[in-house]
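Input: a single structure, listed below in structure tokens.
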Amino acid sequence: MKLYNTFTGNKEPFVPLRPGEVRMYVCGVTVYDDCHIGHARSAVVFDVFRRYLTARGYRVTYVRNFTDIDDKIIRRAQAEGVPAEAIAERYIAAYYRDMDRLGVQRADVEPRATEHLAEMQTIISGLLARGYAYAAGGDVLFRVKKFSTYGSLSKRSAEDLSAGARVEVSPHKEDPMDFVLWKTSKPGEPAWDSPWGPGRPGWHIECSAMAMKHLGETFDIHGGGMDLIFPHHENEIAQSEALTGRPFVRCWMHNGFVNIDREKMSKSLGNFFTVAEVLERYDPEAVRLFLLSTHYRSPVDYSDRNFEEARAGLDRVYTLLREFKGMRGRDEGAAPMAIGEREAAVDEALRQFQMDFREALDDDFNTAAALGQCFDLVRHLNREIAACRAADQRLPDRAIARAQAVFQEAGRLLGLFQQDPEAWFKKEAVASRTEATTALLSPEEIETRIRDRAEARGRKDWATADAIRRALEAQGVVLEDKAGGATEWKRVTPLTGDPPRRA
């Protein structure tokens, strides 16, 4: 198994510090608002990574925190006239509601910053004693230039560095690069007693304290979004290693952004969709597949087309699983095929799939390649079923059972393919009828989408072509392909009965 380590910039063999055990910390959310789909990407990616490590036989301790004290939380509390902890509790509950719908499992430990103030103060005291920190005007700050390897994670030179502090910049800095460990609270803000006066922790010290409390001074994996590399994770390294003199993390993993119009989705830019908003339009399993369909380190583009492709992919898998369900114990008049013929071919396909699937995930956790293997297997098994029917044969129940088990296990690791096929298609039919009533496409819009579909068919991008057809059907437009390549369309009104059939 190899993982890309942001710190070294290389893909490296993964060797845990303790044989057979993996300790992993992932930065969670600051709970001042609803989560957007970018937050969901990090949660889903590391949820699957934890599942896979467990399946590989490791004893995994997974820690994911909540930042429940922050300037943004305080400002929202003041605006609403409620305590800061009420804001935090509200959005922690909202986070769980969203993640539960996406199938994200709870971490083993889910610490809150406000529960670890004693540990933070102990670290700060240690840094003061070692000369890496200084107190000034009620604040305590970290001396960045004293930590000689600062910038190693983000690959920034000293000349390019700036504090970039997420909290208010202290007026007491010795150097602009220094960052706040403890800050004086303003009147009316939450405050805790400390040796340096009433105040609250800086953002960066929180994760060092929570990680070391639950995983030790050195642990295996630290994850989070790429936006956390600098300054947050850079500062975590500096304060943690300055205190202990030991490496803080063995492998740093960072997931890419969810982009809209080639820009990172973020609340500061105002170009975000909350998880709840996305789940109003798309099935949670389709959202999850969308988030896993691109390598975790690459950006992924938020678009209706990509979500429709994800839903079409799930349709293909559930169609096969429904086929399997209907085949077992049926067609008694058809001859079971000989053991040495296609059953052996199916067994070989399943064996090869399991090898390729694991190889994809072992290669820097490539969920996109793993999903590609799933869809390749669907195509292969569909061909075997078609060949059996052409020869008036049927797959033995044992071969079907093995194929079902293989899909069930792969899906369990990805958090996909776990629904009953009939329930999936019933839900899809309801969604299609609902979508059809929400908007009426103009003829010009329909013709544009037909041209997009024709272009996709021309480059043999069948998944995109199928997704466009399906999206049009969901809005009450049925296509019919004619000889010579022309495509005609007509409107239907799928308000009752079955949704329109594909032409």
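The values are calculated or read from the model by the stated rules, or taken from the named source; none is laboratory data. The shown structure was predicted, so the numbers you read here are calculated from the model rather than taken from an experiment. Backbone-built Cβ (ideal geometry, glycine too); neighbour counts: all protein chains shown.
Odds and ends about this structure:
- Qualifying residue in the range 65-76 (condition: in the same structural domain as Gly202 (by TED's automatic domain parsing) and either closer than 30 Å to Phe357 by Cβ or of a type in the set (Gly, Ala, Ser) (or both)): no
- Some residue of the range 65-74 being in contact (Cβ under 8 Å) with a residue 24 or more places away in the chain, part of a helix (DSSP H, G or I) and buried (at least 24 other Cβ atoms within 10 Å of the Cβ): no
- Filter result (within 21 Å of the chain's Cα centre (by Cα) and more than 22 Å from Ala211 (Cα to Cα)) within the range 50-81: Ala55, Arg56
- Filtered residue count, the range 1-48, keeping only those that are surrounded by fewer than 16 Cβ atoms within 10 Å (Cβ to Cβ) and of a type in the set (S, T, N, Q): 2
- Within the range 348-383, the set of residues being under 18 Å from Glu323 (Cβ atoms), more than 24 Å from the chain's Cα centre (by Cα) and of a type in the set (D, E, K, R) comprises Arg379, Arg383.
- Index of the failed condition, Asp392 passing every other in (1) over 20 Å from Arg56 (Cα atoms); (2) of a type outside the set (A, V, I, L, M, F, W, C); (3) surrounded by 14 or more Cβ atoms within 10 Å (Cβ to Cβ); (4) in the same structural domain as Phe375 (by TED's automatic domain parsing): (3)
- Residues of the range 282-314 classified as more than 19 Å from Ser42 (Cβ to Cβ), of a type in the set (Gly, Ala, Ser) and surrounded by fewer than 20 Cβ atoms within 10 Å (Cβ to Cβ), total: 1
- Criterion violated by Arg200 - all others in (1) over 30 Å from Asp108 (Cβ atoms); (2) crowded, with 21+ Cβ neighbours inside 10 Å; (3) of a type outside the set (A, V, I, L, M) satisfied: (1)
- Residues of the range 102-158 that turn out to be more than 30 Å from the chain's Cα centre (by Cα) and among the small types (Gly, Ala, Ser), as a count: 13
- Test: residue in the range 255-274 that is under 25 Å from Leu3 (Cβ atoms) and at pLDDT 95 or above: yes
- Considering Gly216, Gly225, the condition of being touching a Ser or Thr at 6+ places or on another chain (Cβ under 9 Å) and at pLDDT 95 or above is satisfied by Gly225 alone.
- Taking every residue in the range 345-368 that is within 18 Å of Ile385 (Cβ to Cβ) and among the small types (Gly, Ala, Ser) and pairing it with any residue that is surrounded by 15 or more Cβ atoms within 10 Å (Cβ to Cβ) and at pLDDT below 95, at least 6 positions away or on another chain, the pairs with Cβ-Cβ distances below 8 Å are Ala345/Glu384; Ala349/His380; Ala349/Leu381; Ala349/Glu384.
- Considering the range 279-309, the residues that are under 14 Å from the mean Cα position of the chain (by Cα) and of a type in the set (A, V, I, L, M) include one that is farthest from Ala94 (Cα to Cα), namely Val300.
- Within the set Tyr91, Tyr95, Tyr62, Tyr52, the sole residue that is closer than 30 Å to Arg18 by Cβ and part of a helix (DSSP H, G or I) turns out to be Tyr52.
- In the range 192-239, residue farthest from Tyr62 (Cα to Cα) [restricted to those that are among the small types (Gly, Ala, Ser) and without any contact (Cβ under 8 Å) to a residue 60 or more places away in the chain]: Gly197
- Remark: Arg457 falls outside the filter, which requires a residue to be among the basic types (Lys, Arg), closer than 24 Å to Glu428 by Cα and in a helix (DSSP H, G or I).
- Condition met for Asp220 (crowded, with 21+ Cβ neighbours inside 10 Å and over 21 Å from Ala129 (Cα atoms)): yes
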